[in-house]
Structures are given as C-alpha cells and as structure tokens.
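Each remark here refers to the structure printed beneath this line.
What follows is calculated from the coordinates using simple rules that are stated; it is not laboratory data. Bear in mind the structure is a predicted one, so any value in this text is a computation, not a measurement. In this analysis, Cβ positions are derived from the backbone assuming ideal geometry, glycine residues included, and neighbour counts consider all displayed protein chains.
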Amino acid sequence: LTLPNSVAYIDSNSFIFCSSLENITIPDSVKYIGNGAFQYCLSLKSISISDSVIFIDSFAFYNCKDLQSITIPKSVTYIGDYALVCCRSLTSITVDEENQYYSSLDGVLFNKDKTELIQYPVGNLRKTYIIPDSVTSIVDDAFRYCESLTSVTIGNGVTSIGSGAFFNCNSLTS
C-alpha cells in the first residue's frame, strides 16, 4: 500500500486487523500516525516511514507479528507506549543518527541519551544481552515475548523496571 501525498494524518485504528497488508509506504505528507493505526496487521513485513512523520502514537504497530525491521526517521519527536510491543519477528530497530529524541544501539530502541531502554527487538535471536551502563529505566513490556534471550545483564544504574518488562521471556534463566 502506498498512501497518496494528500494524506497528512493516519487516524487511530485506521488499518487495525488489516491482515492482508504486507508493505506500506508512508508519504512525505504524513505527520502523525495515530493510536493503534496498524495494530494487529499480522502480515505487515515492512514499513517505510518518511522524514515528515513527527508523532507515532501508542500501539501504532502493536502485534504486527511479521514486521522484521523499522527505521525511525530524524523527524520523529514522540513514540507512544507499546508502539512496537509484540512484534515477534522484529530483529532490528534503527533510528536516524540525526534524531534528537531517540537512538538505537545494536538494534535496540532508546531515548536519545540512552538512559531509557524503550524496546528490545524481540525477534532478534541473540542469546545474551548486556544493558548499557547509561540506562536507568527499562520501560513497560520492553522485552515482552523475547523468547531467544537466556541471559540479560542489568547494570547498577537501573533504578526502574517497568511492568511486564520481561513478560513471557520463557528462555530467560539469568
């Protein structure tokens, strides 16, 4: 699906449960992706987000189980809660280096200064992960359904671990 350049706003739940949607290109005219806009698009494999998007609301891509990777452009100033949770095929989250609000390291999504771990790509097959020392907070559901990790090292700087951060991480033993 390629949206026309006349679209400026993708409303909440616009494509919810759109099981046939596999690829989408969001044009330069779009500034806002609404709450749950693409949630439960179970076949969505790829998405191209233009540099015009500034706001990705909560649950925007929730449970897009076939989504393999996503690149957050430099223009994004806000990513809502649970935007990428339950994307079980997600192996990498990339953030444009010029983004002033978000960053990524080894495919993991953080706030810009890497004090907040926002989303681990749960489809990544690595067995161990060391949370950077800069992290003080792990948000709700950050590792939810991460079934490949057997070990996570949490640094001494972490003072807050969100609800369900390690929910259903069935292989996690240490």
Excluding Ser89 itself, what net charge comes from residues whose Cβ is under 10 Å from its Cβ, given Lys and Arg +1 and Asp and Glu -1? +2
Label-point separation (nm) for Asn99 and Thr2, each offset 7 Å from Cα along Cα-to-Cβ? 2.5
Unit charges on C-beta of K, R, D, E only; dipole of the chain, Debye: 380
Among Gly34, Gly123, Gly155, which one moves the most in a GNM of the chain with springs linking Cα atoms closer than 10 Å? Gly155
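So, by mean Cβ neighbours within 10 angstrom, what's the order for 162-171, 1-10, 47-56 with the highest one leading? Walk me through the numbers on the way to the answer.
Numbers: 162-171: 14.9, 1-10: 12.4, 47-56: 17.5.
Peptide ranking by packing, descending: 47-56, 162-171, 1-10.
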Segment 52-118: which GluC sites (Glu not before Pro) are DSSP loop and have at most 13 other beta-carbon atoms within 10 angstrom? Glu97, Glu98
Max mean-square fluctuation residue, GNM over the chain, Cα-Cα springs under 10 Å, options Ser20, Ser134, Ser92: Ser20
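Output the relative contact order of segment 70-174, whole-number percent, from Cα pairs under 8 angstrom with separation of 6+ residues. Could the numbers behind the result be given before it?
Details: 257 pairs, mean separation 22.4, N = 105.
Over segment 70-174, the number comes to 21 percent.
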Candidates Thr71, Thr128, Thr94; GNM for the chain (alpha-carbon contacts under 10 Å) flags as most fluctuating Thr128
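Please quote Rg/Rh for the chain to two decimal places, taking the Kirkwood radius as Rh and restricting both calculations to Cα atoms.
Working: Rg = 15.5 Å, Rh = 16.1 Å.
Using only Cα positions, Rg/Rh for the chain is 0.97.
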